[in-house]
Amino acid sequence: MRVALIREGTSPYRDGAIGTWCQRLATGLSEYRFHLVTVLDATARRPRGRSEPPAPADQSTPDGMTTTTVWLASRPLVPDWGPAARRRRRAGTHAAVLLCRGMLEDGQHSAAMFRSGLRGLAVIAADGTHPLGGVPLAPILLDAWRAGAGPATTVARLTGRSPGTGLPWPALRDAQVTARVLERAVRALCVPVPGVDLCHAANGGLATLVALAEKWRRGVPYVLTEHDLYLHAPLIGQSAGRPAVRALLLRFLRALTRLGYAEADAIALPTDRTRRWAMRHGAEREVLRVVPPGVDPREHPQLRDEPADPAVVWFGPEDELPLILAAFGTLRGTVPDARLIVAGPERSLPPGERVTFTGSVTDRRELYPAARVVVISGRCDGMPYPLIESMLRGRATVCTDNGGLAAMAGMGALVVPPADPDRLAAACANLLTDARLRREYGTAARHRARTLFSLGAMLDGFRTEYGRVLAQRPTPSAPDAPSQTGRPTGLGRGAAPDAPSQTSHSVAARDGVLA
């Protein structure tokens, strides 16, 4: 059985743990043949010295797994001129009207319009050409925006918001910026997927678009796993600091999320928090499962010795660095000889601060033995591997109550409010100065991690979901014909070869004309 594992750009194009998760899933389920599809949007980093991304060669791609990489920000294939092209543009315009009306309004009717519009674009994109080629998306979006605005009442003029939708009052510039972002996003409907029996979207957004297109065009079922909420989708980063654009993109992502839940054959989410979120957005309870991320306990054996220094090791995003530095300054008042090890690039600090920066971390296992206490802060993305690994090692851990961190830690960590350096410093001081308390938390953490977050449990969960979905499919699809080795192909024009290889696809075409 072949499975297309679809992810929105991750390492080396964007930071995140999805690459690690994909690697563990693909290598663990050896009874399936995986094809990795990586979709890169305009916010993904271009590797230095390259105008387009190479085929993925990072650690997240196991040996023997074929790959397809698509950069959506490159020039799209567009239809040639002529009657057929005009018919395509008319169909694309009609689909765009339904898409825009559906995402800006609420209710079952609007959801049906959004689905019909997106499905129409998927049909147009079946041959790899851009479904919105030549379509005036900005005027269409502005018309839909104004149509849902309602009358220009006094309240609307005073508040600057449309009484019909609650969105900011329609503006041409905002519609143009939003149209540019949406036009690139729907190019994901063109992404080529070789002949597979099952698709697995590793997140919402662009990955869901690829899975939806495969289901609608070829009847391929898909499993959906969302590691983060659409409120934090990379697509929103293209709003150019314009609140109206951000609001419109959130409407698009909300409609897409609800459609993805409705069409998915199985929804396997990493936390109970994301499960509740999915149910609030219309997901059916019958297809929902919670499959937590897993770590192999053999790779993280229990640590029985502690370092001589009262050292704290911190993991977190860069924007949380001021929090841990402020907390450490307060901690030094209670534990003067405390030392802080920051897992991240070095920053300039006053001398004598007893703060060490590790630089880029390739293996976190080297840091846990150096810590008496591990601190993890920042918003949880559904896969807080440092938290799980620290718990498996039996280290006393402090985490902030962001997202799903507290729920994952349970009684295995001290949980403090976010953005509160004083409470964070007090929790670290309690653990650093009380060896018995550290042992108690370390023991509880290791037991919880081995029970709930083992790699075997994660693999068994997805093995069950894959088997259930495939058993309901009447007829498995036949693999597509392999594309010519070494010859670049247009988006959607060729399939990845069956033999293990790495193939990079571009959305560009010569002179913008479909070859």
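Quick check: residue separation of A91 and D401 times 0.36 nm, minus the Cα distance between them. What number comes out in nm? Mind showing how you got there, number by number?
Numbers: separation 310, 0.36 × 310 = 111.60 nm, distance 4.84 nm.
That works out to 106.8 nm of additional length.
Just want the ordering: M103, M279, from fewest to most Cβ atoms lying within 10 Å of their own Cβ.
Details: M103 26, M279 14.
Neighbour counts put them in this order, fewest first: M279, M103.
If you place +1 on the Cβ of every Lys and Arg and -1 on the Cβ of every Asp and Glu, how big does the dipole about the Cα centre of the range 297-453 come out, in debye to the nearest 20? Intermediate values should be presented prior to the final figure.
Values: 19 positive and 19 negative charges, 122 e Å.
Once rounded to the nearest 20, the dipole reads 580 debye.
In the neighborhood of S110, defined by Cβ-to-Cβ distances under 12 Å, what is the net charge if each Lys or Arg adds +1 and each Asp or Glu adds -1?
Values: positive: R101, R115, R251, R254, R258; negative: E105, D106.
Charge balance near S110 sits at +3.
Kirkwood Rh, the range 297-453, all Cα pairs: how many Å? Don't skip to the end; give the middle numbers.
On the way: mean 1/r = 0.0656 Å⁻¹.
For the range 297-453, the Kirkwood estimate is 15.2 Å.
Within 10 Å, Cβ to Cβ, of F357, how many net charges do the neighbouring residues add up to if Lys/Arg are +1 and Asp/Glu are -1? Walk me through the intermediate numbers first.
Working: positive: R347; negative: E346.
Once all neighbours under 10 Å are counted, the net charge is 0.
Read-outs throughout are calculated quantities, based only on the coordinates presented, and are distinct from any laboratory measurement. Computed from a predicted structure; not experimentally measured. Ideal geometry is used to build each Cβ from the backbone, glycine not excepted, and the neighbour counts take in all protein chains shown.
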